[in-house]
1. How about region 128-205: which strands (runs of 3 or more DSSP E) wholly inside it have at least 3 residues that are modelled with pLDDT of 95 or more and touching a helix residue (DSSP H, G or I) at 6+ places or on another chain (Cβ under 9 Å)?
2. Name every residue in region 1-47 that is assigned to a helix (DSSP H, G or I) and among the polar types (S, T, N, Q), in order of residue number.
3. Take Thr203 and decide whether it is surrounded by 15 or more Cβ atoms within 10 Å (Cβ to Cβ) and in contact with a Ser or Thr (Cβ under 9 Å, 6 or more places away or on another chain).
4. Tell me which residues, restricted to region 9-53, are aliphatic (A, V, I, L, M), in contact with a Phe, Trp or Tyr (Cβ under 8 Å, 6 or more places away or on another chain) and in contact (Cβ under 8 Å) with a residue 60 or more places away in the chain.
5. Restricting the search to region 55-101, which residues are modelled with pLDDT under 95, under 24 Å from Asp32 (Cα atoms) and among the polar types (S, T, N, Q)?
Amino acid sequence: MRKLVLKMSMSIDGFVGGPNGEADWLFRSIDDASAAWEVERLWDASLHIMGSRTFQDMKAWWPSSDEPYAPPMNEIPKAYFSRGRSSDASTTRALEDARRLFPRSADKASSHLESWETAAKLTGDLATEIAALKAEDGKPILAHGGAAFARSLIATGLIDEYHLLVHPVALGRGLSIFADLSEPIDLALTASQRFPAGAIANTYRPRS
């Protein structure tokens, strides 16, 4: 049985993206220690899952990147959830921000596309698909965004751990992964780590 972990970066006021999905704010408080924390969690997974638009972003970015996150993102199997619409091929503002801030990584020739080309496309009921993935043996399933996909995952009640990297910035408005809760979720803080640039990594488990 595999546990499902949701890993997200967010502002101190609880937003995972600006009103239009802007993500440039989170890069200002990344340091070597917080990067190492993230890389460790990326490797501690047997499968990476994400929504279709985030998948397209990552497929366009990680195969050509030399960042420390790239090896686990490229080497570990992936699956993405799709509703089968043409919008699945579109990308997000987060990719635009990354390309603007880190143009050299984005322009390098891709050399690790195979694991992205062979990623599983899942189109069934989300809760049913997730339950089937969790029933397999292995290290955790690590879920990435975007915000809409994270909200859908939260609604299934199948998330075992939340790994939230909180950045020292208040956005005032934006995209929240907890905006559509039908009822409060009680969480237990199981670990917390502060990094030199001000970000704090908090790990939570549902109390129930």
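1. Answer list for region 128-205: 141-143, 161-167.
2. Answer for region 1-47, where residues must be assigned to a helix (DSSP H, G or I) and among the polar types (S, T, N, Q): Ser29, Ser34.
3. yes
4. Ala33, Leu42, Ile49, Met50
5. Residues satisfying the conditions are Ser64, Ser65.
The values are calculated or read from the model by the stated rules, or taken from the named source; none is laboratory data. Keep in mind that what you see is a predicted model, and the values were worked out from it rather than measured. Heads up, the Cβs are rebuilt from the backbone with ideal geometry, glycines too, and the neighbour counts pull from every protein chain shown.
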